[in-house]
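Quick notes on the structure that follows.
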Amino acid sequence: MFLRNLCRTSVKLNIRNYSQNNLLKTPPKILITGGLGQLGVECARYLRAKYGRENVILSDIIKPSQEIVNDGPYIFVDILDFKGLQKTVVDHRVDWLIHFSALLSAIGEQNVPLAVRVNIEGVHNVIELAKQYNLRIFVPSTIGAFGPDSPRNPTPNITIQRPRTIYGVSKVHAELLGEYYYHKFGLDFRCLRFPGVISSDPPGGGTTDYAIAVFHDVLRKGQYQCYLKPDTRLPMMHVKDALRALSEYLEVPNDNLTRRVYNVTSMSFTPEELADKMATHIPDFKITYRPDSRQDIADSWPQVFDDSEARRDWNWKPEVNLDDLVSLMIKEVKEKIAANGLS
Ligand code: NAD
């Protein structure tokens, strides 16, 4: 028994050493699309620290700030331009594609035709591109890929998915198309369903954005008007956990994966619970509630996300709990306000 465990441990260590050495010798060349949104800039920083500054190329259709350009390689990539995508992969010898371009849930409802183009046509392009050039491709999905017919507490990895937003429909489409390309062509498609991701960067127009906006408004103005009811429970995760999940998942050997799409989460809370936690750090602030159309979206989404399959297959484990999240956000948002002023 002891010998068997020793052998297992040393095999595990060897695999880890091998993969680390291997990565150090030939780090992957990574392209991030839609990189100037909430997740892309932080993701590029995280992966550059791991694989080297020049090996992670950030791209978007937006003109970058000087700070972005100073951080590392940045190029224009429109995911609706297939030839442009091909040229980028060839010119930069890309190995892994992290596809962040999207219109999020609330914004998507305001412009359905554009959401169809960016979220569906765009995914056709990048998946076909990844197949042609044999890329490992990561496409994030979301709790928004579930709907009112799905079990909400908890929501398992495999269950009914009948979302009622164009964002959710396009994400189910991406999950299924990626899985299809994996089974049909052997494409190394990887997808994590993220809950609301909390960071101090401005959010892109999702239904979980209140959990970011509340920190900015309270620290700037001492008050916040929330567009969800106080008892709306949604799964959430700090960006640190989200990026670590993404990065760890990208390195898992194919043999360990029993799925191409995994739920991941860190915690679930309501606006009221978040405000109570914030009040232990910031004694005097006011929160009011005025639900709008985003309430209907939130009411159809998971309340508690079951990520046991990710925990089982590749040892996923969150590290940032609600206490940590509130402390981190207060610190980071204060730093942003100090750097940019109160506006
Ligand atoms: P975001 O809305 O902040 O950024 C999306 C980016 O896509 C924008 O910078 C935009 O310019 C870019 N884009 C739009 N059209 C494009 C085009 N034609 N070509 C290239 N780029 C284009 O989004 P985010 O919050 O950074 O999310 C990144 C990804 O993670 C998305 O796919 C989103 O669905 C997923 N996700 C995010 C969250 C979250 O809480 N932020 C949660 C779950 C999943």
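No value in this document is a laboratory result; all are computed from the given coordinates. The structure displayed is predicted, hence computed values, not measured ones. Virtual Cβ from ideal backbone geometry, glycine too; neighbours counted across all protein chains shown.
Could you compute the net charge surrounding THR280? Neighbours are other residues with a C-beta less than 15 Å from the C-beta of THR280; K and R count +1, D and E count -1. Each step should come with its number before you reach the end.
Working: positive: LYS277, LYS331; negative: GLU272, GLU273, ASP276, ASP284, ASP323, ASP324.
That works out to -4.
Under a 10 Å cutoff between Cα atoms, tell me which one of ASP60, ASP241, ASP323 has the largest fluctuation in the Gaussian network model of the chain.
Top of the fluctuation ranking is ASP323.
So, with +1 on the Cβ of K and R and -1 on the Cβ of D and E, and no other charges, what is the size of the charge dipole of region 191-343 about its Cα centre, to the nearest 20 debye? Show your work: numbers first, answer last.
Numbers: 19 positive and 24 negative charges, 59 e Å.
My answer is approximately 280 debye.
In a Gaussian network model over the chain where Cα atoms closer than 10 Å are linked, find which of ILE30, ILE282, ILE98 has the largest mean-square fluctuation.
Evaluated over the chain, the most mobile residue of the options is ILE282.
Work from the charge dipole of the chain (Cβ charges, +1 for Lys and Arg, -1 for Asp and Glu, about the Cα centre) and give the residue of SER327, PRO140, PRO27 farthest towards its positive end.
PRO27
Mean Kyte-Doolittle of at least -1.0 plus a Cα span of 20 Å or more along the axis: flag which DSSP H helices in the chain meet both, please.
Long hydrophobic helices here: 2-25, 166-185, 322-340.
Which GluC sites (Glu not before Pro) from region 274-343 combine a DSSP loop assignment with at most 15 other Cβ atoms within 10 Å? Write out the running numbers ahead of the final one.
Details: sites: GLU309, GLU319, GLU332, GLU335; in loops: GLU319.
Counting only loop positions with at most 15 other Cβ atoms within 10 Å, the GluC sites (Glu not before Pro) in region 274-343 are GLU319.
Return the loop-located trypsin sites (Lys or Arg not before Pro) in region 185-288 (DSSP other than H, G, I, E, B) with at most 16 other Cβ atoms within 10 Å of their own Cβ; answer none if there are none. Intermediate values should be presented prior to the final figure.
Working: sites: ARG190, ARG193, ARG220, LYS221, ARG233, LYS240, ARG244, ARG259, ARG260, LYS277, LYS286; in loops: ARG233, ARG259, ARG260.
Those that pass, being in a loop and sparsely packed, are ARG259.
Roughly how many debye, to the nearest 20, is the charge dipole of the chain about its Cα centre, given +1 on each Lys and Arg Cβ, -1 on each Asp and Glu Cβ, and no other charges?
Details: 42 positive and 40 negative charges, 174 e Å.
Roughly 840 debye, rounded to the nearest 20.
Where the centre of each part is set by its Cα atoms, how far does region 266-289 sit from region 46-104, in angstrom?
Between the Cα centre of region 266-289 and that of region 46-104, the gap is 36 Å.
Give, rounded to the nearest 20 debye, the magnitude of the charge dipole that region 293-343 has about its Cα centre when Lys and Arg contribute +1 at Cβ and Asp and Glu contribute -1 at Cβ.
Values: 7 positive and 11 negative charges, 55 e Å.
Dipole magnitude for region 293-343 comes out near 260 debye.
Along the charge dipole of region 60-113, Cβ charges K/R +1 and D/E -1, which of ASN70, ASN111, GLN86 sits furthest on the positive end?
Among ASN70, ASN111, GLN86, the one farthest towards the positive end of the dipole of region 60-113 is GLN86.
Within region 28-125, which trypsin sites (Lys or Arg not before Pro) sit in a loop by DSSP and count at most 16 neighbouring Cβ atoms inside 10 Å? All intermediate terms of the calculation are to be shown ahead of the outcome.
Working: sites: LYS29, ARG45, ARG48, LYS50, ARG53, LYS83, LYS87, ARG93, ARG117; in loops: LYS29, ARG93.
Of the trypsin sites (Lys or Arg not before Pro), the ones in loops of region 28-125 whose Cβ has at most 16 other Cβ atoms within 10 Å are ARG93.
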